[in-house]
1. May I ask you to verify whether I333 is among the hydrophobic types (A, V, I, L, M, F, W, C), more than 27 Å from S351 (Cβ to Cβ) and under 16 Å from the mean Cα position of the chain (by Cα)?
2. With the structure loaded, tell me whether S150 is closer than 19 Å to V304 by Cβ, touching a Lys or Arg at 6+ places or on another chain (Cβ under 7 Å) and crowded, with 18+ Cβ neighbours inside 10 Å or whether it fails that test.
3. Please find, among E274, E283, E291, the residue that is closer than 19 Å to D197 by Cα, surrounded by 16 or more Cβ atoms within 10 Å (Cβ to Cβ) and in contact (Cβ under 8 Å) with a residue 60 or more places away in the chain.
4. Within the stretch 310-332, which residues are surrounded by fewer than 15 Cβ atoms within 10 Å (Cβ to Cβ) and part of a helix (DSSP H, G or I)?
5. Out of the residues in the stretch 120-142 meeting the condition of being in contact with a Phe, Trp or Tyr (Cβ under 6 Å, 6 or more places away or on another chain) and crowded, with 18+ Cβ neighbours inside 10 Å, tell me which one is nearest to T354 (Cα to Cα).
6. Would you confirm whether any residue within the stretch 171-183 is buried (at least 20 other Cβ atoms within 10 Å of the Cβ) and either touching a Gly at 6+ places or on another chain (Cβ under 6 Å) or assigned to a helix (DSSP H, G or I) (or both)?
7. Looking only at residues in the stretch 234-246 that are in contact with a helix residue (DSSP H, G or I) (Cβ under 7 Å, 6 or more places away or on another chain) and either aromatic (F, W, Y) or at pLDDT 95 or above (or both), which one is nearest to L323 (Cα to Cα)?
Amino acid sequence: MRILEIIERLDPGGAQRFVVDLCNEFATKNDVVLGTFINRSNCNFCTNFFELDLSPKVNRDNYKLKPGGVKLLRFRQIAAAIKMILKFKPQIVHLHGTAFTPCIIPSLIFHNIKFFYTVHNIADKDAGNGIGAKLRKFFLKRSIKPITLSNYCNESFVEYYGYNSAAVIENGCRPMTPTPNFDSVKAEVEGYKTGPDTKIFLNIARFHEQKNHELLIGSFNSLIKDGYDILLLIIGSYPDNNKRLYLESLVEDKSRIIFLGAKHNVNDYLLSSEYFCLSSSWEGLPISILEAGLCGCYSISTPVGGVPDVIQDDSVGLLSRDLSITSFKEALIKALRKKPDRAVIKKYFSSRYTINECAEKYIQVFEGK
């Protein structure tokens with residue numbers, strides 16, 4: 001099968017990580033192209049952050065578009081999408097994120113090609129506002145078939161759009177094995193400890209209002225004040241760095257809440273940590289939760305999006321009651337009192353959330369099965 005995956009750019013983020021992993025898995029048995037188109041004026045290292053993680057079997061088609069107004073840029077994106085399709089002649093075009101709108105016209109032109117769109121978030125947050133939301137509502141019922149990530153996300157889709165998605169396919173994750181840098185990362189993480197009994201928590205999330213780092217930092221500030229011997233490491237990035245500076249200003253003890261920036265080898269950090277935490281205000285089905293689980297980390301999260309579909313009992317993680325600091329603190333304290341079993345956690349996640357199983361389900365949907 002010839003599959004064209006299109007996402008605007010490969011900057012740090014769960015959807016981008018998932019697309020790269022899915023392409024790599026598809027490419028073991030299919031002809032795959034990963035297409036991107038970015039605004040040349042915004043082009044920096046982050047726009048191709050995951051480039052080196054692509055398998056050599058995945059073909060690349062990357063268009064760096066000339067700067068222009070919104071309408072001109074959108075026209076250039078449409079032209080780039082058409083060029084990709086004409087060049088590769090795919091049987092399937094699979095869209096992600098903001099690649100949806102530029103591919104509406106191609107979906108109307110190329111009737112012999114099947115178009116799919118993965119809704120990476122709860123429906124209203126994915127759709128956004130204005131004309132983009134209206135276009136999604138119209139074309140997801142006609143020329144582009146939607147795929148949702150979890151039962152909760154599908155329910156949000158039906159409530160928002162008024163019709164069913166074509167399929168529900170839970171996200172999958174690549175095997176989480178140590179990289180050659182594991183020993184140095186392990187030593188780095190151990191070096192942050194303030195004592196031999198310090199418990200290590202890891203957060204992986206871009207610095208965006210969705211991820212609600214204020215809740216995370218506020219909860220850890222309070223726990224540290226209360227005397228808990230804990231350490232929070234935060235992996236993430238933000239384009240203009242202002243958000244990071246703001247979040248750093250909220251930290252009361254910089255020896256116990258440490259920002260590490262963006263990392264390619266998050267698996268090494270997860271394998272060196274005991275707990276993973278996510279404080280999002282809304283979600284689809286976060287890849288970071290799956291990465292953490294496959295590394296055997298015990299997860300603490302807010303009860304948003306598809307996360308409750310993943311964390312179904314306290315053997316693999318805990319959910320806060322709501323989005324308050326009081327509730328998140330309670331969940332963190334409860335986690336500290338438990339003795340998580342890494343083997344049990346790994347077994348649970350590896351039985352449900354592998355990229356291999358996920359890719360097989362996508363192929364079945366693409367084939368109309």
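The values are calculated or read from the model by the stated rules, or taken from the named source; none is laboratory data. Just so we're clear, the structure is a prediction, and the values are computed from it rather than from any experiment. In this analysis, Cβ positions are derived from the backbone assuming ideal geometry, glycine residues included, and neighbour counts consider all displayed protein chains.
1. Considered against the rule, which asks whether it is among the hydrophobic types (A, V, I, L, M, F, W, C), more than 27 Å from S351 (Cβ to Cβ) and under 16 Å from the mean Cα position of the chain (by Cα), I333 comes out as no.
2. Here the answer is no, as S150 does not meet what is asked.
3. E274
4. Residue satisfying the conditions is T326 alone.
5. Applying the filter and picking the extreme gives I122.
6. No: the stretch 171-183 contains no residue that is buried (at least 20 other Cβ atoms within 10 Å of the Cβ) and either touching a Gly at 6+ places or on another chain (Cβ under 6 Å) or assigned to a helix (DSSP H, G or I) (or both).
7. Going through the qualifying residues, I end up with I235.
Conditions tested, residue by residue: (1) crowded, with 17+ Cβ neighbours inside 10 Å; (2) in contact (Cβ under 8 Å) with a residue 40 or more places away in the chain; (3) under 19 Å from the mean Cα position of the chain (by Cα); (4) more than 17 Å from E360 (Cα to Cα).
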position: D21; (1), (2), (3), (4): yes, yes, yes, no
position: L34; (1), (2), (3), (4): yes, no, yes, yes
position: E51; (1), (2), (3), (4): no, yes, yes, yes
position: L72; (1), (2), (3), (4): no, no, no, yes
position: F75; (1), (2), (3), (4): no, no, no, yes
position: A80; (1), (2), (3), (4): yes, yes, no, yes
position: H94; (1), (2), (3), (4): yes, yes, yes, no
